[in-house]
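Reviewing the structure listed below.
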Amino acid sequence: MWKRVWNHDKIAYGGDYNPEQWPEETWEEDMRLLKLAHIDTLTLNVFSWAALQPAEDTYCFDKLDKIMELAKSHNMKVCLATGTGAHPAWMARKYPEILRTDFHGVKRKFGARHNSCPNSVVYRKYSVQLARKLAERYKDYDNIVAWHISNEYGGECYCENCERAFREWLKDRYGTLEELNRAWNTSFWGHTMYDWEDIVVPDGRSEHIDEERTVAQGISLDYRRFNSDSILECFCLEYDAVKEITPGIPVTTNLMGAYKPLDYMKWGECMDFISWDNYPSNEDSVSQIAMNHDLMRGVGANQPFVLMEQTPSQQNWQPFNALKRPGVMRLWSYQAVAHGSDAVLFFQMKRSIGSCEKYHGAVISHAGHENTRVFREVAELGQELEKLGDEILGSTVPAEAAILFDWENWWAVEYSAGPSVDLKYHDEVMKYYTALHRQNIPVDLISENDDPLGYKLLIAPVMYMTRPGMDERIREFVKGGGTFVATFFSGYVDESDLVILGGYPGKLRDILGVWVEEIDALPPHKKNRFFYQGQEYEAGLLCDLMHLEGAESLAEYQEDFYAGMPAVTRNSFGGGQAYYVGTRSGEAFYHQLMEDICKEQQIQPAAKAPDGVEVTKRVRGQEQYLFFLNHGEGKVHVEMPEDGMELLAGKACRKGEMMELEAKGVAILKVQPKQ
């Protein structure tokens with residue numbers, strides 16, 4: 001039985017609305033325009049803490065009451081935020097310990113947002129208190145579809161509150177100072193801790209050379225974990241407060257894609273559903289946007305998610321804030337739906353007149369009327385979503401290939417003192433994802449705690465850290481017939497960033513059938529090369545010098561003193577195969593390798609399509625929906641893989657029929673069930 005993300009009978013459409021920034025006499029006209037745009041869902045109260053609590057013992061809900069009644073009277077669903085993303089000025093003045101301290105040890109003053117210390121007792125007390133009061137006041141509103149806790153959690157703090165809390169976190173993790181000293185290898189440079197009070201936050205005043213480089217990886221890695229856990233605790237405290245009073249309303253907060261500071265895989269376990277904000281840079285590829293959607297779906301155990309924010313037009317923080325060209329907003333909205341979203345929401349409904357987001361795109365522009373290109377596009381998409389109704393809702397994205405995406409490994413790789421400053425974890429993941437995505441092979445992004453046994457292909461780019469039990473899960477997966485792909489700089493360290501002795505790639509060595517003796521780090525201007533399947537490809541960044549221990553060589557280096565040594569290998573292990581790619585190459589190589597492996601494992605694309613056309617599939621019981629998204633600049637013709645109904649045009653299609661797709665065009669084929 002399929003399940004809706006929240007209480008909605010269609011793909012939710014709307015987004016952030018801030019009427020508190022405007023005179024009340026403008027609200028009715030806003031409602032007229034929003035209804036004209038087919039908006040049905042409003043995210044309210046995101047940054048209203050200062051208005052709701054003007055003094056320590058004073059709460060004022062009069063204006064929010066009017067706003068809630070306004071939404072209800074116009075049949076709007078509400079995603080109600082707790083408003084705790086920025087504390088009020090009086091709180092900073094009276095309780096300065098609430099303010100964050102930055103990486104350089106400078107205590108902030110009041111201002112901006114993400115400005116509260118996550119380990120401040122004062123912040124936790126008043127944020128939870130406000131969340132509880134909101135739940136008590138609005139618990140009987142039947143149009144609230146979700147609670148939205150705070151907003152875009154992020155950042156770090158290095159204050160005394162955090163230092164004290166870090167010590168307690170470490171006591172829970174290690175139990176004794178002896179174990180902590182072992183895990184942190186404090187015998188190096190005489191770092192031995194004699195007392196818990198000896199432990200200080202690792203920042204620019206202690207262990208760090210700069211924000212990306214540290215001399216004590218174990219300490220810095222643990223602080224990353226601690227910071228993510230601390231901020232997650234703040235979410236959970238508000239979650240518990242609203243859930244106690246409104247247990248039937250699902251709770252979320254808006255995540256930010258591949259956001260490095262917070263371990264979203266851990267966060268996903270604490271959220272009723274995943275929501276996230278999609279703001280691609282002007283240079284992002286189609287695959288980069290798609291991977292963020294798939295990553296967020298993976299954070300939510302590959303269940304439907306909510307696109308909580310995107311802009312209907314331009315952003316405000318890019319160096320060059322280009323407009324979304326005609327058709328792109330619609331195309332990217334359907335791309336989110338194609339990858340698992342059950343909502344299309346925007347920031348923002350109406351442009352503010354001041355501060356940093358006054359030129360960020362909105363449904364209602366500064367012109368204040370419906371006669372704009374952006375408004376027309378928004379209204380047209382809204383009308384289409386109404387026609388779709390509950391089609392697609394609750395459907396999932398089936399995949400036979402998975403990529404392991406591990407935040408703790410990300411942190412460890414980029415804190416590592418070598419082998420190359422140019423080694424970036426996300427970039428390496430992106431190379432494999434892009435190779436699959438451009439062939440329209442569905443991909444799940446999973447955590448190191450997820451069971452890989454349901455997949456045919458598991459890829460773990462730069463799995464530098466091998467935490468307890470991970471190698472056993474991979475070993476079982478490959479023995480059972482799966483194909484595993486690992487890369488250079490894999491299997492080197494344990495969860496504390498201590499080297500696993502006995503030779504690289506550590507606990508993966510028997511699975512991969514190779515021993516890596518050395519790594520050569522190449523500067524950007526220098527390349528080696530290898531031949532794979534008769535084609536020459538470049539080798540750069542890192543080159544593993546490896547020896548075969550049961551694996552067969554599929555490609556050898558052609559230059560330097562290690563010419564002739566294996567660059568790419570394959571090992572038969574149990575009923576499956578394990579590939580090792582010992583160097584970084586270019587897009588053509590990854591495309592060919594993934595094509596070969598997918599053919600070998602009989603992993604099929606969602607459907608065949610011309611270059612530039614993205615195809616995905618969602619499934620709900622016996623119902624199948626194929627999305628065709630033309631990201632190109634010209635019209636194309638796509639062959640229908642099955643009989644079915646194209647939902648947007650309401651047109652029956654036959655298998656083998658050619659369907660025309662305009663530039664930036666979208667088609668959704670509901671496949672006719674087989675008799």
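Odds and ends about this structure:
- First in the stretch 90-101 and among the polar types (S, T, N, Q), second anywhere and part of a helix (DSSP H, G or I), Cβ under 6 Å, 6 or more apart: none
- In summary, LEU255 fulfils each of the numbered conditions (1) within 21 Å of GLU495 (Cα to Cα); (2) in contact with a Phe, Trp or Tyr (Cβ under 6 Å, 6 or more places away or on another chain) with the single exception of condition (1).
- Hey, ALA135 farther than 30 Å from ASP277 by Cα, in a helix (DSSP H, G or I), in contact (Cβ under 8 Å) with a residue 60 or more places away in the chain and out of contact with any Lys or Arg (no Cβ under 7 Å at 6 or more places or on another chain) or not: no
- Pairs with Cβ under 6 Å, 6+ apart, first in the stretch 427-438 and within 13 Å of ALA588 (Cα to Cα) and among the charged types (D, E, K, R), second in a helix (DSSP H, G or I) and open to solvent by less than 20 Å² (accessible area, probe 1.4 Å): LYS431/TYR590
- Exactly one residue out of ASP210, ASP277 is farther than 21 Å from GLU428 by Cα and modelled with pLDDT under 95: that is ASP210.
- Top-ranked residue of the stretch 196-214 - restricted to ones that are open to solvent by less than 50 Å² (accessible area, probe 1.4 Å) and not polar (S, T, N, Q), ranked as nearest to GLU414 (Cα to Cα): HIS208
- Residue list for the stretch 604-640, filter: touching a Leu at 6+ places or on another chain (Cβ under 7 Å) and polar (S, T, N, Q): ASN630
- Whichever residue in the stretch 631-651 is in contact (Cβ under 8 Å) with a residue 60 or more places away in the chain and surrounded by 18 or more Cβ atoms within 10 Å (Cβ to Cβ) and, among such residues, is nearest to GLU386 (Cα to Cα): LEU647
- Here is the figure for the stretch 323-346: residues that are open to solvent by less than 10 Å² (accessible area, probe 1.4 Å) and either part of a strand (DSSP E or B) or small (Gly, Ala, Ser) (or both) total 10.
- Single unsatisfied condition, THR41 versus (1) under 30 Å from THR396 (Cβ atoms); (2) surrounded by fewer than 16 Cβ atoms within 10 Å (Cβ to Cβ); (3) not hydrophobic (A, V, I, L, M, F, W, C): (2)
- Of the residues making up the stretch 574-597, those that are more than 18 Å from LYS479 (Cα to Cα) and either open to solvent by 10 Å² or more (accessible area, probe 1.4 Å) or in contact with an Asp or Glu (Cβ under 7 Å, 6 or more places away or on another chain) (or both) number 11.
- Residues (among the charged types (D, E, K, R) and either open to solvent by 60 Å² or more (accessible area, probe 1.4 Å) or touching a Gly at 6+ places or on another chain (Cβ under 7 Å) (or both)) located in the stretch 50-67: ASP57, ASP62, LYS63, LYS66
- Residue in the stretch 499-510 that is of a type outside the set (A, V, I, L, M), open to solvent by less than 40 Å² (accessible area, probe 1.4 Å) and not in a loop (DSSP other than H, G, I, E, B) present: yes
- On inspection, GLU495 qualifies as in contact with a Pro (Cβ under 8 Å, 6 or more places away or on another chain) and not in a helix (DSSP H, G or I).
- Residues of the stretch 272-322 satisfying the condition of being among the aliphatic types (A, V, I, L, M) and either under 27 Å from LYS358 (Cα atoms) or open to solvent by 20 Å² or more (accessible area, probe 1.4 Å) (or both): VAL286, ILE289, ALA301, VAL306, LEU307, MET308, ALA322
- Residues of the stretch 457-494 satisfying the condition of being of a type in the set (Phe, Trp, Tyr) and without any contact (Cβ under 8 Å) to a residue 60 or more places away in the chain: TYR464, TYR492
- Where a residue in the stretch 495-506 is within 19 Å of GLU179 (Cα to Cα) and its partner, wherever it lies, is among the small types (Gly, Ala, Ser) and open to solvent by 40 Å² or more (accessible area, probe 1.4 Å), with Cβ under 7 Å and at least six apart: none
- Single condition ASP544 does not satisfy, out of (1) open to solvent by less than 40 Å² (accessible area, probe 1.4 Å); (2) over 32 Å from the mean Cα position of the chain (by Cα): (2)
- The criterion of being surrounded by 22 or more Cβ atoms within 10 Å (Cβ to Cβ) and of a type in the set (Phe, Trp, Tyr) holds for TRP147.
- Taken together, the residues in the stretch 60-93 that are within 31 Å of the chain's Cα centre (by Cα) and among the hydroxyl-bearing types (Ser, Thr, Tyr) amount to 2.
- Test: residue in the stretch 612-621 that is part of a loop (DSSP other than H, G, I, E, B) and either within 16 Å of TYR334 (Cβ to Cβ) or free of Cβ contacts under 8 Å to residues at least 40 places away in the same chain (or both): yes
- Close pairs (6 angstrom Cβ cut-off, 6 or more residues apart or separate chains): under 15 Å from PRO398 (Cβ atoms) in the stretch 440-456, assigned to a loop (DSSP other than H, G, I, E, B) and small (Gly, Ala, Ser) anywhere: ASN440/ALA606; PRO442/ALA399; PRO442/ALA606; VAL443/ALA399; ASP444/ALA399
- Among the residues of the stretch 628-642, just one is more than 10 Å from LEU661 (Cα to Cα) and outside any loop (DSSP other than H, G, I, E, B), namely GLU639.
The values are calculated or read from the model by the stated rules, or taken from the named source; none is laboratory data. These figures come from a predicted structure and were not determined experimentally. We place every Cβ from the backbone using ideal geometry, glycine too, and count neighbours over all the protein chains shown. Areas reflect the complete protein model, heavy atoms only, side chains present, ligands, DNA and RNA absent. Shrake-Rupley method; radii C 1.70, N 1.55, O 1.52, S 1.80 Å.
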